[in-house]
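The structure appears right after this line, and notes come after that.
The values are calculated or read from the model by the stated rules, or taken from the named source; none is laboratory data. What you are looking at is a predicted structure, and each value in this text was computed from that prediction instead of being measured. Because the Cβ atoms are built from the backbone with ideal geometry, glycine has one as well, and the counts that use them run over all protein chains shown. Side chains included, ligands, DNA and RNA excluded: accessible areas come from the protein's heavy atoms. Shrake-Rupley method; radii C 1.70, N 1.55, O 1.52, S 1.80 Å.
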Amino acid sequence: MHDFLENIRILDLSRLLPGQYTTSLLADLGAEIVMVEHPAHGNPSRHRPPKIDGRGAAQLLRDRGKRSVAIDLKDDRGREACLSLAASADVVLEGFRPGTADRLGVGYDDVREANEEVVYCSLTGYGQDGPYSERPGHDINYIGIGGLLSLTGEQDGQPTVPGYPIADLAGALYASTAITAALAGRAGEPVHLDVSMADVVASFSMTYADRLLGGSESPKRGETVLTGYHPGYRVYQAADGKLLTIGALEDRFWKNLCTATDLESISDENVDFSSDVDESKQEALVEMLAATIAERPRDEWLQIFDEHDVPAGPVNDFEEIFSDPHLRKRGLFEETGSEESEDHWSAKELAFKHTFGDRGDRTKKDAPSCGEDTETLLSSIGYDPETIEALAAHGVIKTATDR
């Protein structure tokens, strides 16, 4: 078994999905994740419905395998405890708006005084500087400023909000990459990683930047090969009402598609990236394919497309995700639950699949209750039982016995 980040401790001060997903990825690589939560209410996902056994299902999925300490950062004693934990950590992650961590006394300058080798990562919407840095935001704002939203949706309609919070998740992926790179390359000095979700989405614009920089028109929604213009790169509805995707961009795949659908008459009409095709002709190709695909059920088409080497797949709803034979075979889902509860609960664990060879079977504990590890971790850095008890009595911390 190879837990590549074994013995790496990451102190997670974040509250929301971007930080949770970042540390979930790092936990799957073997890192010890210590979440710092507020003693009174914990992180927001603990209370978000639907709930299982009185606990938010989102928290049960996102925080499995992590540890929890409950500390009030607005109390001087709580801040001191947090900095003591930061001194024992390799990485500190925060997701506050710029300046907030500093005001709480747990900013980069504060932490590096306690830990001269810390990797400190700030994961924010717009970054630590710039005109928008202090602006509040959510995923829709970041994909808007980064150009992604302008290209998503139907040509003649308004932009369509994607089904997943792309900036949140992409920012988390970038943060986890930056953290692992910093850990691999650190040289005994502290480092401050400034990760902006808007920056990450804007970097995706390289997909079309060549058009604009090369003097062509700015790409528009529904007018590019990858946004619905190409008849072989679209979503189609089958006879049973189910949807499927086709990605027959290259000429050989387009010809395979035409053969599979008995539409050899249009096999020479492929639209490549430089084509300037008459719009009415393009619409006619789409209509022909749509009418043909509507004649058979989805699974029958998928079998036919597999036989003809056509890039195609189902548009899974959320129930179908968990039953998809390929995703199940890849080991993405595991049943997890509590046998000790009166109301037994079970959920699917969505693990980030690392293909680093045989890592063996590693048991990951369930998501912690708020403050479950406070006493253990504070004891490990020198807090005596009397001090811990006094801090708990004053509401500065919450321990496993404070229920």
What helices in the chain pass both tests, a Cα length along the helix axis of 20 Å or more and a mean Kyte hydropathy of -1.0 or higher, using whole DSSP H runs?
-> 166-185, 279-293
Where does each of Lys255, Lys281, Lys66, Lys329 land when they are ordered by accessible area, with a 1.4 Å probe and the largest first?
-> Lys329, Lys281, Lys255, Lys66
Binned Cα-Cα distance frequencies in the stretch 202-282 - 10 Å width, integer % | 16, 44, 30, 10, 1
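Probe radius 1.4 Å, ligands and nucleic acids ignored: give me the carbon and sulfur share of the accessible area of the chain as a rounded percent.
Whole-percent figure for carbon plus sulfur exposure: 49.
222 nm [θ] for the chain, helices only, -39500 (n - 2.57) per DSSP H run of 4+, per residue, to 500?
Roughly -10500 deg cm²/dmol at 222 nm, from the helical runs in the chain.
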How big is Rg to Rh over the stretch 138-295, alpha-carbon atoms, Rh as the Kirkwood inverse-mean-distance radius?
-> 1.09
Using alpha carbon centers only, the stretch 196-266 is separated from the stretch 32-68 by a whole-angstrom value of 39 Å
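Using +1 on the beta carbon of Lys and Arg, -1 on that of Asp and Glu, and nothing else charged, what's the dipole of the chain about the Cα centre, debye to 20?
Roughly 600 debye, rounded to the nearest 20.
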Percentage relative contact order, the chain, counting C-alpha pairs under 8 Å, at least six apart = 19 percent
Rounded to 5, the percent of DSSP beta bridges in the chain classed as antiparallel = 45 percent
Dipole in debye (nearest 20) - the stretch 36-148, about Cα centre, beta carbon charges: Lys, Arg +1; Asp, Glu -1 = 760 debye
So which of Lys74/Lys398; Lys51/Lys365; Lys66/Lys329; Lys220/Lys255 end up more than 21 Å apart by C-alpha?
-> Lys66/Lys329; Lys220/Lys255
Listed residues Ile179, Ser369, Ser24: farthest to the positive end of the dipole of the chain (Cβ charges) | Ser369
Please find, in a Gaussian network model of the chain (springs between Cα atoms separated by less than 10 Å), the residue of Asp110, Asp210, Asp53 whose mean-square fluctuation is greatest.
-> Asp210
Extreme residue, positive dipole direction of the chain, given options Met206, Val91, Leu5 (C-beta unit charges) | Val91
Can you tell me the accessible area per residue over the chain, all protein chains present, probe 1.4 angstrom, in square angstrom?
-> 52 Å²
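Can you tell me what percent of all Cα-Cα pairs in the chain are more than 27 Å apart?
60 percent
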Order these peptides, 97-103, 171-177, 225-231, by their mean beta-carbon neighbour count within 10 angstrom, highest first.
-> 171-177, 225-231, 97-103
How many times 2.2 N^0.38 Å is the alpha carbon radius of gyration of the stretch 67-196?
-> 1.24
In debye to the nearest 20, the charge dipole size for the stretch 188-290, taken about the Cα centre with +1 at each Lys and Arg Cβ and -1 at each Asp and Glu Cβ, equals 260 debye
